[in-house]
1. Picking from GLU118, GLU84, which residue would you name as being open to solvent by less than 60 Å² (accessible area, probe 1.4 Å), modelled with pLDDT under 90 and acidic (Asp, Glu)?
2. Pull out all pairs, ordered by first then second residue, where Cβ-Cβ is under 9 Å, the residues are six or more apart or on different chains, the first lies in region 80-95 and is more than 24 Å from LEU32 (Cβ to Cβ), and the second is of a type in the set (S, T, N, Q) and open to solvent by 40 Å² or more (accessible area, probe 1.4 Å).
3. Of LEU49, LEU5, which residue is open to solvent by less than 70 Å² (accessible area, probe 1.4 Å), at pLDDT 50 or above and assigned to a helix (DSSP H, G or I)?
Amino acid sequence: MQDQLERLPVPARPGMSKPAASYRLPEPLAELLSKLPPYPASWLFVQGLNRLLAPQLPDDVRRSLEGRSLRLRLLDAGIAFDFEWQGTVFVAERYADVPDLCIAASVHDLMLLARRQEDPDTLFFSRRLSLEGDTELGLLFKNTLDAIELPPFDLQALGPRRVLAHLRDRGAREG
């Protein structure tokens, strides 16, 4: 999948980016992803969040996220991940009817955001990133993304072997 995402064209830089309409997942991949059952997919997603994002969250953000339902919709993949912050980690939710905050964008735009190649404001004002629900929670999301220093996003860090090794190591430390 990383190969396919890296082959997607990146908009030319000076000025505002082109609309994201031409930057969509290949149809066969999107069709496959849209058939994934929601809960196991959300569980896998939060494993990645807990590995990459959770350690970076400041305490005030953690307190503000506590028990709040969140949904990430991958528009071109036809899939959504439901989750919330509980104590020290993100936890997958099974069926959140209406989340406190729904974040929606194409996979490509989320990859640009994760790689720090595009900022949330640019994506939001060009209507490529949608935040629906609690306005204050949406601003917290945007400001947190702007403030934290994330390393460049690396899909290999989410490979099954690395994630399983991380879970095994965490289990060994806790038990």
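1. Going through GLU118, GLU84 in turn, the sole match is GLU118.
2. TRP85/SER64
3. LEU49
The values are calculated or read from the model by the stated rules, or taken from the named source; none is laboratory data. Predicted model, so just to flag it, every value in this text is computed and none were measured. In this analysis, Cβ positions are derived from the backbone assuming ideal geometry, glycine residues included, and neighbour counts consider all displayed protein chains. Remember, those area values only see protein heavy atoms, side chains included, never the ligands or the DNA or RNA. Shrake-Rupley method; radii C 1.70, N 1.55, O 1.52, S 1.80 Å.
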